[in-house]
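The values are calculated or read from the model by the stated rules, or taken from the named source; none is laboratory data. Small disclaimer: the values here were computed from a predicted structure and weren't measured. Positions of Cβ are backbone-derived with ideal geometry, glycine not excepted, and every protein chain shown enters the neighbour counts.
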Amino acid sequence: MSLPVQYPTASLKPRREESLQGGHLWIFSGALQQPPHWIEPGGLVDVKAANGQFVARGYYNPQTDIAIRILTRDREEAIDEVFFRDRVRRALALRQAFDPEQTSAYRLIHSEGDGLPGLIVDHYAGILVVQVHTRGMERLRSLLIDALRDETGARGILLRNDSQSRRRESLEVEEPLAVSGDVPERIIVRENGVRFLVDPWQGQKTGFFIDQRDKRAALRQYARDKRVLNCFSYTGGFSVYAALTDPGTRVTSVDVSAPALEMARENFSLNGLDPDRHEFLIADVFDYLAQARRDGALFDVVILDPPAFARSQGARSQALKAYRRLNTLGMQVLQPGGILLTCSCSGVVHLDDLLGVLAQAAQHVQRPVQLLETCTHSLDHPINLAMPETGYLKAIFCRVG
Ligand code: SAH
């Protein structure tokens with residue numbers, strides 16, 4: 001007979017277990033009866049209700065508002081290699097939906113959305129890029145890497161623990177590190193049959209913005225034989241899809257990052273497109289749009305996919321102002337009847353906020369706006385129903401009259 005699994009215990013205040021029973025995975029420090037000083041930062045913990053009953057098991061960090069993140073509600077389940085193998089297998093099963101001939105870039109593990117708080121794993125044609133965002137996950141790192149290697153058969157695994165957000169958990173910001181196999185400087189991936197170069201070592205985030213896959217595909221129906229302006233283009237994700245729709249389509253890609261635009265040009269060539277028939281501009285989008293408006297430039301399709309303007313509640317109202325300004329400028333360079341794709345990846349800015357921003361921009365430019373499609377992310381970024389905060393991306397296609 002095996003011994004029951006047990007970890008140090010923390011007790012909740014009365015009734016604080018209810019949200020966990022509904023599937024939420026966070027416990028704020030205020031919900032605990034007392035801070036469990038006896039547990040090391042990042043250590044595993046059993047959470048008990050005020051009546052002493054087992055509720056869940058997770059990891060603890062005394063230095064953050066979210067004191068405990070839950071890993072399992074099964075008291076028989078130890079947090080060991082078997083646990084990680086099981087979670088990786090479950091995540092893989094969901095991604096079987098992708099035809100590898102068509103799509104070889106997808107998120108394999110979307111943190112709380114896949115039941116693994118503090119962990120992001122992106123898959124690029126057999127290479128995994130891992131980001132560890134919490135102290136608790138950091139302590140479990142080697143179990144995790146072993147499970148990923150064994151269950152996925154990945155050719156290489158790269159740890160990209162270079163995000164500044166790690167400081168919030170008092171974690172070091174590290175240099176990228178290959179922890180298994182060989183990780184090339186560049187990977188060629190497919191997305192809906194379109195080819196892209198990914199730089200897993202130095203590219204932004206883990207190298208590519210896979211969360212826009214379905215929005216890029218949706219763009220196709222609006223881009224045929226049109227003048228398309230792709231703002232915040234990065235390596236040209238939307239641009240390549242648009243340009244491939246028709247030889248008559250002309251795409252202008254704008255980004256502040258010169259290396260990103262250099263790779264955007266390469267991505268055009270990789271798909272048999274001549275980059276010289278399109279425009280690539282290194283510029284601040286706000287400056288570019290203001291100038292384009294003064295010049296009277298007009299486009300049929302405008303894409304606005306900025307970086308997160310707000311990373312915390314405190315930054316929200318400033319961010320809303322920036323989204324308002326950006327969307328107003330975007331509408332001002334749109335041909336009557338043109339299509340605007342506007343996005344926000346700020347977690348604290350909700351869909352209603354973005355709709356409000358659009359309404360204000362529409363009022364400012366005094367043009368009618370029809371909402372056509374409203375999107376979040378696709379199946380490889382699952383949203384935990386009990387935690388709306390596991391969804392962050394909002395994208396709206398609309399027609400501006
Ligand atoms: N749409 C892209 C992802 C955009 S990520 C895709 O589908 O891959 C945001 C991009 O905005 C980054 O490439 C970053 O370099 C760029 N960026 C950030 N601030 C900017 C600014 N003020 N002007 C222009 N580009 C900016």
The lone exception for Leu244 - which of (1) surrounded by fewer than 20 Cβ atoms within 10 Å (Cβ to Cβ); (2) within 27 Å of Gln332 (Cβ to Cβ); (3) more than 8 Å from the ligand (Cβ to nearest atom) it fails: (2)
Test: residue in segment 185-193 that is acidic (Asp, Glu) and surrounded by fewer than 15 Cβ atoms within 10 Å (Cβ to Cβ): yes
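Output the residue which, of all residues in segment 293-307 that are away from the ligand (no atom under 15 Å from the Cβ) and either assigned to a strand (DSSP E or B) or touching a residue at least 24 places away in the same chain (Cβ under 8 Å) (or both), is surrounded by the most Cβ atoms within 10 Å (Cβ to Cβ).
The first filter runs over segment 293-307 and keeps only residues away from the ligand (no atom under 15 Å from the Cβ), leaving 293-300.
The next check asks that each one be either assigned to a strand (DSSP E or B) or touching a residue at least 24 places away in the same chain (Cβ under 8 Å) (or both); those that pass are 293, 297-300.
On the way: Arg293: 16, Ala297: 15, Leu298: 16, Phe299: 22, Asp300: 19.
Filtering segment 293-307 for residues that are away from the ligand (no atom under 15 Å from the Cβ) and either assigned to a strand (DSSP E or B) or touching a residue at least 24 places away in the same chain (Cβ under 8 Å) (or both), the one surrounded by the most Cβ atoms within 10 Å (Cβ to Cβ) comes out as Phe299.
Could you tell me which of the residues Ala310, Ala361 is surrounded by 16 or more Cβ atoms within 10 Å (Cβ to Cβ), assigned to a loop (DSSP other than H, G, I, E, B) and not charged (D, E, K, R)?
Among Ala310, Ala361, only Ala310 is surrounded by 16 or more Cβ atoms within 10 Å (Cβ to Cβ), assigned to a loop (DSSP other than H, G, I, E, B) and not charged (D, E, K, R).
With the structure loaded, tell me whether Gly236 is more than 7 Å from the ligand (Cβ to nearest atom) and in contact with a strand residue (DSSP E or B) (Cβ under 8 Å, 6 or more places away or on another chain) or whether it fails that test.
Details: more than 7 Å from the ligand (Cβ to nearest atom): yes; in contact with a strand residue (DSSP E or B) (Cβ under 8 Å, 6 or more places away or on another chain): yes.
So Gly236 passes the test.
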Cβ-Cβ under 6 Å pairs, at least 6 apart or on other chains, segment 229-240 side in contact (Cβ under 8 Å) with a residue 24 or more places away in the chain, far side of a type in the set (Phe, Trp, Tyr) and near the ligand (Cβ under 7 Å from one of its atoms): Asn230/Phe238
Qualifying residue in segment 253-260 (condition: over 30 Å from Val121 (Cβ atoms) and away from the ligand (no atom under 15 Å from the Cβ)): no
Residues satisfying the stated conditions in segment 45-70, i.e. under 15 Å from Leu140 (Cα atoms) and part of a loop (DSSP other than H, G, I, E, B): Asn61
Leading residue by the ranking (nearest to the ligand (Cβ to nearest atom)) among those in segment 271-292 that are part of a helix (DSSP H, G or I) and surrounded by fewer than 16 Cβ atoms within 10 Å (Cβ to Cβ): Phe286
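Looking at segment 364-383 only, could you name the residues that are away from the ligand (no atom under 16 Å from the Cβ) and buried (at least 19 other Cβ atoms within 10 Å of the Cβ)? Even if it seems obvious, please write down each step before you answer.
Just the residues of segment 364-383 that are away from the ligand (no atom under 16 Å from the Cβ), to begin with: 364-374, 379, 382-383.
Result: Val369, Pro382.
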Residue check for Leu351: away from the ligand (no atom under 16 Å from the Cβ) and surrounded by 18 or more Cβ atoms within 10 Å (Cβ to Cβ): no
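Here is a yes/no grid of residues against (1) more than 13 Å from the ligand (Cβ to nearest atom); (2) buried (at least 23 other Cβ atoms within 10 Å of the Cβ); (3) not in a loop (DSSP other than H, G, I, E, B):
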site: Leu197; (1), (2), (3): no, no, yes
site: Trp201; (1), (2), (3): yes, no, no
site: Lys205; (1), (2), (3): no, no, no
site: Phe208; (1), (2), (3): no, yes, no
site: Asp214; (1), (2), (3): no, no, yes
site: Ala217; (1), (2), (3): no, no, yes
site: Gln221; (1), (2), (3): yes, no, yes
site: Asp225; (1), (2), (3): yes, no, no
site: Leu229; (1), (2), (3): no, yes, yes
Any hit, segment 310-330, residues being within 12 Å of the ligand (Cβ to nearest atom), under 21 Å from the mean Cα position of the chain (by Cα) and basic (Lys, Arg): no
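Just a yes or no: is a residue in segment 71-88 of a type in the set (Val, Ile, Thr) and closer than 30 Å to Asp214 by Cα?
yes
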Among (1) touching a residue at least 24 places away in the same chain (Cβ under 8 Å); (2) touching a Lys or Arg at 6+ places or on another chain (Cβ under 6 Å) - the single one Asp246 does not satisfy: (1)
Residue pairs meeting the criteria (Cβ under 8 Å; at least 6 apart or on separate chains; first over 14 Å from Arg135 (Cβ atoms), in segment 63-74; second among the hydrophobic types (A, V, I, L, M, F, W, C) and part of a loop (DSSP other than H, G, I, E, B)): Ile70/Leu25; Thr72/Ile79
Residue within segment 232-252 that is over 30 Å from Leu298 (Cβ atoms) and either over 20 Å from the mean Cα position of the chain (by Cα) or modelled with pLDDT of 95 or more (or both) present: no
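With the condition kept exactly as written, say whether any residue in segment 27-35 is of a type outside the set (Phe, Trp, Tyr) and under 18 Å from Asn384 (Cα atoms).
Of the residues in segment 27-35, the ones of a type outside the set (Phe, Trp, Tyr) are 27, 29-35.
Right, trim to under 18 Å from Asn384 (Cα atoms) and you get 27.
Yes - at least one qualifying residue is present in segment 27-35.
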